[in-house]
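Comments concern the structure below.
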Amino acid sequence: MTSPTADVSCRVAWADDAPAIAALQVRTWKSSYADLVPPEALDLDEAAVAEAWRASLVKPLDARNRVLVALERNRVLGFAVTGPASDPDCDPVSDAELMEFNVDPDARGQGHGSRLLQAAVDTMRADRFTRAVLWSIATDDALRKFLTEAGWDADTAHRELDLEGDGTTLVKQVRLHTAFS
């Protein structure tokens, strides 16, 4: 007799996933950025976010841009975006960027992030990248701990994003990286 197993998986996102990805992004951003940006900056139009996701899923800017979703049954509990790295000190042929990595705050600690990260790494390897980078909010200790335990390391790169363009809302980020063996 076998014991029951959870119905969990990761796959490439479909255009029909856009509303679920948008809803998850809005929820996770409100959680992640609540202490960093003014509340009105997080008042996102979920329908507009979903339409932007749908458009990017239907026609990505680069053939190596991928969106992956972590599922429990048919419910999207996480998503990751991979593609060529755009930093000036990176080579877009060999260096990938994990541009987004979000897991539903209520579903963390259940293995979805680990499965999603492994699927993202497998996807970047399949796209023949040999290294990956990810920008993390400087104060997101949980994400940095999760990634370093998975073999990523901080490098010396850091940046400050000016979200309003006038210096009033600055978000400090640090870069992590990993090489694929």
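The values are calculated or read from the model by the stated rules, or taken from the named source; none is laboratory data. Owing to the predicted nature of the structure, the values given are computational and were not obtained by experimental measurement. With ideal geometry, Cβ positions are generated from the backbone for all residues, glycine too; neighbour counts draw on all protein chains shown.
Being among the β-branched types (Val, Ile, Thr) and at pLDDT 90 or above is true for just one of THR168, THR156, THR148. Which residue is that?
On inspection, the qualifying residue turns out to be THR148.
Of all residues in the range 52-66, which are surrounded by 14 or more Cβ atoms within 10 Å (Cβ to Cβ) and either over 20 Å from ASP16 (Cβ atoms) or in contact with a helix residue (DSSP H, G or I) (Cβ under 6 Å, 6 or more places away or on another chain) (or both)?
TRP53, ARG54, LEU57, ARG64, ARG66
For the list (1) under 20 Å from ALA119 (Cα atoms); (2) modelled with pLDDT of 95 or more; (3) within 15 Å of the chain's Cα centre (by Cα), I need the number of the one condition that ALA15 fails.
Single failed check for ALA15: (3).
Tell me which residues, restricted to the range 37-64, are closer than 24 Å to GLU97 by Cβ, assigned to a loop (DSSP other than H, G, I, E, B) and free of Cβ contacts under 8 Å to residues at least 60 places away in the same chain.
Across the range 37-64, the qualifying residues are LEU44, LYS59, PRO60, LEU61, ASP62, ALA63.
What is the residue count in the range 138-163 for residues that are among the hydrophobic types (A, V, I, L, M, F, W, C) and over 22 Å from VAL76 (Cβ atoms)?
Looking only at that region, the number is 6.
From the list ASP89, ASP153, ASP104, pick out the single residue that is in contact with a His (Cβ under 8 Å, 6 or more places away or on another chain), touching a residue at least 12 places away in the same chain (Cβ under 8 Å) and surrounded by fewer than 13 Cβ atoms within 10 Å (Cβ to Cβ).
ASP153
Kindly check whether there is at least one residue in the range 74-84 that is surrounded by fewer than 19 Cβ atoms within 10 Å (Cβ to Cβ), more than 21 Å from ALA142 (Cα to Cα), in contact with a Pro (Cβ under 9 Å, 6 or more places away or on another chain) and free of Cβ contacts under 8 Å to residues at least 40 places away in the same chain.
No, because not a single residue in the range 74-84 is surrounded by fewer than 19 Cβ atoms within 10 Å (Cβ to Cβ), more than 21 Å from ALA142 (Cα to Cα), in contact with a Pro (Cβ under 9 Å, 6 or more places away or on another chain) and free of Cβ contacts under 8 Å to residues at least 40 places away in the same chain.
Being surrounded by 15 or more Cβ atoms within 10 Å (Cβ to Cβ) and under 28 Å from THR156 (Cα atoms): is that true of CYS10 here?
No, not satisfied.
Out of the residues in the range 29-51 that are surrounded by 14 or more Cβ atoms within 10 Å (Cβ to Cβ) and at pLDDT 90 or above, which is farthest from ALA80 (Cα to Cα)?
Here the answer is GLU51.
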